[in-house]
Amino acid sequence: TPTILQTLAGIRKCRELIGTPLQPSHELNAFLRGLKRLKPKAQTSKEPLTTDLLKRICRVLDDTGPRELRDRALILTGFCGALRRSEIAALKIKDFEKCDEGFVLTLQE
């Protein structure tokens, strides 16, 4: 529901900026009320992953094996790239290109 409401707010703002304000229809308002009834509980926000917590996570991961190194690399890549879980899961070796400073990550659509 929050994603739909945020998207609708963005559409409304864009329409307002181009001079053709969006007039919500009765059907749209009924749909939004129905969505709120399906999920009446307010969303709870989660604590952000701080760099201190990230360091603790990486210290816990043993770096003696390839799995542990992979896990640490994925956690750090996901954090530094602000990637979603689905984006991390879709990563392929070909998405990484080595450069002087490290790697360049190209996200596929």
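The values are calculated or read from the model by the stated rules, or taken from the named source; none is laboratory data. Note that the structure is predicted; figures quoted are calculated from it, not measured. Positions of Cβ are generated from backbone atoms using ideal geometry, with glycine treated the same way; all protein chains shown enter the neighbour counts. Note: areas computed on protein heavy atoms with side chains; ligands, DNA, RNA excluded. Shrake-Rupley method; radii C 1.70, N 1.55, O 1.52, S 1.80 Å.
See the values below:
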| quantity | calculated |
| --- | --- |
| Options Leu49, Leu8: the member that is surrounded by 12 or more Cβ atoms within 10 Å (Cβ to Cβ), of a type outside the set (Gly, Ala, Ser) and under 30 Å from Val104 (Cβ atoms) | Leu49 |
| Only listed residue being within 19 Å of Cys80 (Cβ to Cβ) and either basic (Lys, Arg) or touching a Cys at 6+ places or on another chain (Cβ under 9 Å) (or both), chosen from Arg33, Arg56 | Arg56 |
| Criterion (open to solvent by 80 Å² or more (accessible area, probe 1.4 Å) and among the aliphatic types (A, V, I, L, M)) met by exactly one of Leu28, Leu32, Leu91, Leu38 | Leu38 |
| Some residue of the stretch 72-79 being modelled with pLDDT of 90 or more and either among the acidic types (Asp, Glu) or not in a helix (DSSP H, G or I) (or both) | no |
| Number of the condition not met by Leu61 [criteria: (1) surrounded by 10 or more Cβ atoms within 10 Å (Cβ to Cβ); (2) under 19 Å from the mean Cα position of the chain (by Cα)] | (2) |
